[in-house]
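Below is one structure, written out as structure tokens, with a few remarks after it.
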Amino acid sequence: MFPENITVNETNPIVVSCDASGFPEPSFTWTKDEQELSQSEQLNIQSSDRSDTGMYVCTASYGIGQDMTTQAYVTVQCKFVCHH
């Protein structure tokens with residue numbers, strides 16, 4: 001498992017992977033701001049906006065022992081000019 005920081009332009013997709021393997025096969029949970037987003041190995045956000053900026057946390061649970069977590073910080077940039 002390895003963390004990655006990524007930057008995307010607004011409206012582009014966000015794809016982050018939780019690279020973990022082992023036995024038994026782990027189950028995955030992606031969260032952002034303690035909200036569960038996905039239970040798959042790869043998190044896909046089809047069209048990003050600036051509210052998607054933040055820290056995404058992947059937890060790989062093996063059902064025994066210690067869960068493993070990795071984090072990815074995603075920055076969503078304005079595609080053209082930001083209007084506040």
Query raised in the report: What is the one condition in (1) closer than 18 Å to Thr75 by Cβ; (2) open to solvent by less than 60 Å² (accessible area, probe 1.4 Å); (3) not in a loop (DSSP other than H, G, I, E, B) that Thr7 does not satisfy?
Result: (2)
Report summary line: Considering segment 41-58, residues that are under 11 Å from the mean Cα position of the chain (by Cα) and in contact (Cβ under 8 Å) with a residue 40 or more places away in the chain, and then whichever is surrounded by the most Cβ atoms within 10 Å (Cβ to Cβ), we arrive at Cys58
**Report entry** Qualifying positions in segment 10-43 - hydroxyl-bearing (Ser, Thr, Tyr) and in a loop (DSSP other than H, G, I, E, B)
**Finding:** Thr11, Ser21, Ser40
Query raised in the report: Does segment 23-40 contain any residue that is within 29 Å of Phe80 (Cβ to Cβ), in contact (Cβ under 8 Å) with a residue 60 or more places away in the chain and not acidic (Asp, Glu)?
Result: no
**Report entry** Subset of segment 59-80 that is in a loop (DSSP other than H, G, I, E, B), open to solvent by 50 Å² or more (accessible area, probe 1.4 Å) and hydrophobic (A, V, I, L, M, F, W, C) - its residue that is modelled with the highest pLDDT
**Finding:** Ile64
Query raised in the report: Out of the residues in segment 15-27 that are crowded, with 18+ Cβ neighbours inside 10 Å and under 14 Å from Gln71 (Cβ atoms), which is modelled with the highest pLDDT?
Result: Val16
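The values are calculated or read from the model by the stated rules, or taken from the named source; none is laboratory data. Just so it is clear, the model here is predicted, and its values are computed rather than measured. For neighbour counting, all protein chains shown are included, and Cβ atoms are generated from backbone atoms with ideal geometry for every residue, glycine included. Just so you know, the surface numbers come from the protein's heavy atoms only, side chains and all, with ligands and any DNA or RNA stripped out. Shrake-Rupley method; radii C 1.70, N 1.55, O 1.52, S 1.80 Å.
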